[in-house]
Amino acid sequence: MKAIVYTKFGPPEVLHLQEMEKPTPKDNEVLIKIHATTVVKEDPDMRASPGFNGLLKPRNSILGQELAGEIEAIGRDVTRFKPGDQVFGMDSFGAYAEYKCMPEGGALAIKPDNLSYEESASIPNGALTALPFLRDKAKIHPEQTVLIYGASGSVGTAAVQLARYYGAQVTGVCSTANLEWVKSLGADQVIDYTQQDFTESGKTYDIIFDTVGKRSFPECRGSLTDDGVYLTTVPTPAMMLQVLWPAKSGSKKVKFVAAGLRPASEKIKDLVFLTELIETEKIKPAIDRVYPLVQIVEAHHYVGRGHKKGNVVITVGS
């Protein structure tokens, strides 16, 4: 099979196409023929420097978290899927390839009928992050006011749509070029952060969700209602102290969830829930650009520059 691999940390050019042996599923695994994956924000970070994926060299040589494809073969103990099933989901690594094995109990579900493989691959990372933050941590409910900072990114576009689904009044904060894009996803109001600082407007919100880790809790505190909740995907040590000792924050709460570390069983339930929302057109995919697998270097350069809107999708195989 063809795969994009890297054996050292560095710029996008360390990624290269390589022929590898096609994997064989274990008894509890499925073999997926991947049709589409994405470049999520964490991929360039793991490619560029030591950390989560090793110290001296990459521990996992194939990046790629989100995927959509077809079950080609199953292990003898698998009962949840059968060959021919069209699926979508995510794992920590391995999706920059034509084939990948995943446990039957991994974060994988039947893909929405009304989406292509490319569209389906763009859903899991952003939505599986935004959903537990808004639904489980903030306890979002109708008529609340919600501000989404970084509203045009992968998590942000999902958060805007999910907040609207739950009946909230949504304000999206993004750059000039993406204002209309965020409006089209359902934001009631949009703020151009290059022209206006929302913390200086005097308006308050029940929920402020910083999806890109750019605005701290102290900066946002004055823009929260008395019982408001501040959410961020990028916690700092100071913020985690406020999570552990909420009395320090008063009635305004700081909340964080390690969305990627949730049990696969929870992610499966959420993938099924998201499929229902997609098939009833409550939410839709948000795709910026699509690259073929052979242009993965260009895709990483693009994502690394920032300011993308939605997701960058990679087509794999045929």
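The values are calculated or read from the model by the stated rules, or taken from the named source; none is laboratory data. Please read these numbers as outputs of a predicted model, since none were measured by experiment. Using ideal geometry, Cβ is built from the backbone for each residue, glycine included, and neighbour counts are taken over all protein chains shown. Protein only, heavy atoms only, side chains kept; ligands, DNA and RNA dropped before computing areas. Shrake-Rupley method; radii C 1.70, N 1.55, O 1.52, S 1.80 Å.
Structure notes:
- Cross-chain or 6+ apart pairs with Cβ under 6 Å, region 142-156 first and over 15 Å from G228 (Cα atoms) and among the acidic types (D, E), then in a loop (DSSP other than H, G, I, E, B) and modelled with pLDDT of 95 or more: none
- Hey, L271 outside any loop (DSSP other than H, G, I, E, B) and at pLDDT 95 or above or not: yes
- Residue match in region 106-123 (condition: more than 19 Å from I278 (Cα to Cα) and either part of a loop (DSSP other than H, G, I, E, B) or at pLDDT 95 or above (or both)): yes
- Cβ pairs under 8 Å, 6+ apart, first in region 205-232 and more than 17 Å from Q169 (Cβ to Cβ) and among the aliphatic types (A, V, I, L, M), second open to solvent by less than 30 Å² (accessible area, probe 1.4 Å) and not in a helix (DSSP H, G or I): V212/Y149; V212/G150; V212/G153
Here is a yes/no grid of residues against (1) over 23 Å from E118 (Cα atoms); (2) outside any loop (DSSP other than H, G, I, E, B); (3) open to solvent by 30 Å² or more (accessible area, probe 1.4 Å); (4) out of contact with any Cys (no Cβ under 8 Å at 6 or more places or on another chain):
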position: T7; (1), (2), (3), (4): yes, no, yes, yes
position: L17; (1), (2), (3), (4): no, yes, yes, yes
position: K22; (1), (2), (3), (4): no, no, yes, yes
position: D27; (1), (2), (3), (4): yes, no, yes, yes
position: V30; (1), (2), (3), (4): no, yes, no, no
position: A36; (1), (2), (3), (4): no, yes, no, yes
position: V40; (1), (2), (3), (4): no, no, no, yes
position: P44; (1), (2), (3), (4): no, yes, no, yes
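- Long-range neighbours under 8 Å by Cβ, at least six apart or interchain, first residue within 18 Å of G306 (Cβ to Cβ) within region 40-69, second of a type in the set (D, E, K, R) and not in a helix (DSSP H, G or I): V40/E66
- Qualifying residue in region 74-92 (condition: more than 26 Å from E276 (Cβ to Cβ), surrounded by 18 or more Cβ atoms within 10 Å (Cβ to Cβ) and touching a Leu at 6+ places or on another chain (Cβ under 8 Å)): no
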